[in-house]
Amino acid sequence: QMPQVATAQEIVMTIAGGNAEAETGGFVFNAVPRDGGNDFSGQFNYSGSGGSMQGSNYTQALKDAGLRAPFELINVYDVSGMYGGRIKRDKLWFYGTYRQVGGERTVPGMFVNKNAGNPNSWVVDFDRTQQAFNNSLERQGTIRLTWQATPRNKFNFHWSEQYNDANY
């Protein structure tokens with residue numbers, strides 16, 4: 001998994017034959033982490049969409065072939081924020097990020113079971129007015145402390161948490 005872009009101040013990808021900088025040839029990925037600094041700075045990003053932004057190719061031919069309902073986007077979003085700065089000037093800095101990505105979409109040709117969760121019914125009864133859907137949620141949080149111990153030695157302390165939930 002690629003690191004969260006918000007946590008990197010520089011990303012370099014190289015594709016080359018065996019050169020002196022790498023043990024083997026091929027793809028080399030190097031990410032330089034953000035480590036705060038003496039100035040406070042931050043950034044916030046949001047992108048998303050709903051079903052009204054989606055086109056459809058649900059034609060009469062698909063209906064005639066038996067597809068009762070098409071795939072439809074309910075919503076999708078990506079929100080992230082980052083902030084960093086000094087704790088002690090020229091000695092100790094922090095940088096933190098948070099990202100949440102989620103979405104919901106319908107499942108073509110599947111519908112909600114009216115009897116789901118009913119322990120007294122063992123019969124499937126589809127509600128043709130309510131299409132089945134799946135959803136996903138991913139959260140990532142990272143905090144990094146950077147300590148300039150001496151003019152030549154810098155130490156990074158890093159903590160990262162991830163949460164993933166997908167219902168299909």
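Rounded to the nearest 500, what is the 222 nm mean residue ellipticity of the chain from helices alone, with -39500 (n - 2.57) per DSSP H run of 4+ residues and division by all residues?
Working: 1 runs with 5 residues, N = 168.
Helices in the chain give a 222 nm mean residue ellipticity of -500 deg cm²/dmol.
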Taking N as its residue count, the alpha carbon Rg of the chain over 2.2 N^0.38 Å: 1.57
Dimensions (Å) - the stretch 119-168, Cα atoms, principal axes, largest first: 72, 23, 9
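Express the C-alpha Rg of the stretch 57-123 as a ratio against the empirical globular expectation 2.2 N^0.38 Å, rounded to two decimals. Intermediate results must be reported in sequence, preceding the final value.
On the way: Rg = 23.9 Å, N = 67, 2.2 N^0.38 = 10.9 Å.
In units of the globular-protein estimate, the stretch 57-123 measures up at 2.20.
Only Cα pairs under 8 Å and at least 6 apart count here; give the relative contact order of the chain as a rounded whole percent.
Values: 340 pairs, mean separation 30.4, N = 168.
Over the chain, the number comes to 18 percent.
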Counted charge near Asp35, where neighbours are those whose Cβ lies closer than 10 Å (Asp, Glu -1; Lys, Arg +1): +3
The stretch 82-144 - percent of accessible surface contributed by carbon and sulfur, probe 1.4 Å: 54
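May I ask you to compute the full-extension gain from Met53 to Val124, defined as 0.36 nm times their residue separation minus their alpha-carbon distance, rounded to one decimal in nm? Walk me through the intermediate numbers first.
Details: separation 71, 0.36 × 71 = 25.56 nm, distance 3.34 nm.
This chain segment gains 22.2 nm when fully extended.
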Filtered trypsin sites (Lys or Arg not before Pro), the stretch 138-168: DSSP coil and at most 14 other beta carbons within 10 Å: Arg152
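Report the net charge of residues surrounding Gly103, where surrounding means a beta-carbon distance below 10 angstrom and charges are Lys +1, Arg +1, Asp -1, Glu -1. Write down the numbers at each step before the final one.
Numbers: positive: Arg105; negative: Asp78, Glu104, Glu138.
Net local charge, Gly103 excluded: -2.
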Projected label distance in nm at Asn135 and Ala61, using a 7 Å step from Cα toward the beta-carbon: 3.6
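The values are calculated or read from the model by the stated rules, or taken from the named source; none is laboratory data. None of the values given here were measured: they were computed from a predicted structure. Virtual Cβ from ideal backbone geometry, glycine too; neighbours counted across all protein chains shown. Keep in mind that these areas ignore ligands, DNA and RNA; they rest on the heavy atoms of the full protein, side chains included. Shrake-Rupley method; radii C 1.70, N 1.55, O 1.52, S 1.80 Å.
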